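What follows draws every value from the coordinates through simple rules; no lab data is involved. Quick caveat, the model's predicted, so the values are computed rather than measured. Neighbour counts run over all protein chains shown; Cβ positions are idealised from the backbone, glycine included.
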């Protein structure tokens, strides 16, 4: 269901009760089924993506891309918290810790041998 006013367009779900998409002079906003704004592309050129609790996950603006989420996963890996790389740099313990951390993030595939 769509509704339009001067310089504004609103799209609602099939019941007409929940706003799904809003386009106006401020930009484009997308809402989830509970009414939280989960995506915003502002007319200033910035983009914000939020989770269902209205927490900012990602922002894109003139300064670059900022990932705000406390957990990250790549290449379809389950998101994890920021890993800590530890171990003495003089031994291979630190290297093993780094390889494990990068593998858990999904950034590399660990094919090292012992």
Exercise. Which of rounded, prolate, oblate describes region 2-69, given a ≥ b ≥ c as roots of the alpha-carbon gyration tensor eigenvalues and a/c under 1.5 marking rounded, otherwise prolate only if a/b is larger than b/c?
Worked result: oblate
Exercise. How much mean residue ellipticity at 222 nm does the chain get from its helices, if each DSSP H run of length 4 or more adds -39500 (n - 2.57) and you divide by all residues, to the nearest 500 deg cm²/dmol?
Worked result: -3500 deg cm²/dmol
Exercise. Normalised by the residues of the chain, what does the relative contact order come to in percent, with Cα pairs under 8 Å and at least six apart?
Worked result: 11
Exercise. What label, among [x] 43, 15, 10; [y] 49, 15, 7; [z] 96, 11, 8, belongs to semi-axes √(5λ) of the Cα gyration tensor in Å computed from the structure on display?
Worked result: [x]
Seminar exercise, completed: Nearest 10, in degrees from 0 to 90: the angle of helix 93-105 to the longest Cα principal axis of the chain is 20
Seminar exercise, completed: Everything considered on the Cα gyration tensor (a ≥ b ≥ c; rounded for a/c under 1.5, else prolate if a/b is larger than b/c, else oblate), region 51-114 must be described as prolate
Exercise. What distance in nm separates the simple spin-label points at residue 113 and residue 70, each placed 7 Å from Cα in the Cβ direction?
Worked result: 4.2
